[in-house]
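To start, the structure under review is shown below, and the notes come after it.
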Amino acid sequence: MRPRTELRLPAESIAPALARAGIRGMTRELPERVAADLALLVTEVVGNSFEHGTRSVRDEIIVRVYVDEVIRVEVGDRGPGFGAGHPARPESAGASGWGLYLLTSLSSAWGVDTSDGTTTVWFELDPRIER
């Protein structure tokens with residue numbers, strides 16, 4: 001399956017905003033809850049990729065969005081990766097660490113793939129599932 005959207009973003013602090021803007025047209029077609037969850041999770045995962053994954057400003061963050069019965073998003077970078085687990089809820093509203101907690105809470109599935117020096121965090125949203 002070909003991605004519906006593919007974004008190549010600079011490994012800079014503006015990457016999350018660019019990712020959110022890059023999927024904006026797609027979110028108009030989705031139910032409001034799904035569109036909000038998609039925008040939030042794309043922003044969080046791209047932010048994590050910039051913060052923890054990229055090695056230099058020459059690196060790119062690649063976002064691919066696939067739409068079928070479920071929406072699948074893949075965010076790749078050249079970082080070292082991490083193990084997928086079940087993160088605990090951060091202790092305070094202002095604390096960092098909300099990205100993976102939100103990913104676990106809002107997505108229907110997510111994971112981490114590493115190969116060839118690339119880390120890809122992926123998640124799926126199933127519009128048919130009510131939360």
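The values are calculated or read from the model by the stated rules, or taken from the named source; none is laboratory data. Because the structure is a prediction, the values reported are computed rather than measured. Cβ: placed from backbone, ideal geometry, glycine included. Neighbour counts: every protein chain shown. Keep in mind that these areas ignore ligands, DNA and RNA; they rest on the heavy atoms of the full protein, side chains included. Shrake-Rupley method; radii C 1.70, N 1.55, O 1.52, S 1.80 Å.
Of the residues that make up region 54-61, is at least one part of a helix (DSSP H, G or I) and either closer than 13 Å to VAL121 by Cβ or modelled with pLDDT of 90 or more (or both)?
No, region 54-61 contains no residue that is part of a helix (DSSP H, G or I) and either closer than 13 Å to VAL121 by Cβ or modelled with pLDDT of 90 or more (or both).
Would you check if ALA39 is part of a helix (DSSP H, G or I) and touching a Lys or Arg at 6+ places or on another chain (Cβ under 6 Å)?
yes
Kindly indicate the residue of region 73-115 that is among the small types (Gly, Ala, Ser) and at pLDDT 90 or above and also farthest from ARG2 (Cα to Cα) among those meeting that condition.
SER105
Checking LEU38 against (1) closer than 21 Å to SER107 by Cα; (2) open to solvent by 20 Å² or more (accessible area, probe 1.4 Å), only one condition comes out false. Which one?
Here LEU38 clears every test but (2).
Given the conditions (1) open to solvent by 30 Å² or more (accessible area, probe 1.4 Å); (2) closer than 18 Å to TYR66 by Cβ; (3) of a type in the set (Val, Ile, Thr), report the number of the one that ILE14 does not fulfil.
Answer for ILE14: the failing condition is (2).
Quick check, is VAL45 at pLDDT 95 or above and under 21 Å from ILE129 (Cβ atoms)?
Details: at pLDDT 95 or above: no; under 21 Å from ILE129 (Cβ atoms): yes.
Here the answer is no, as VAL45 does not meet what is asked.
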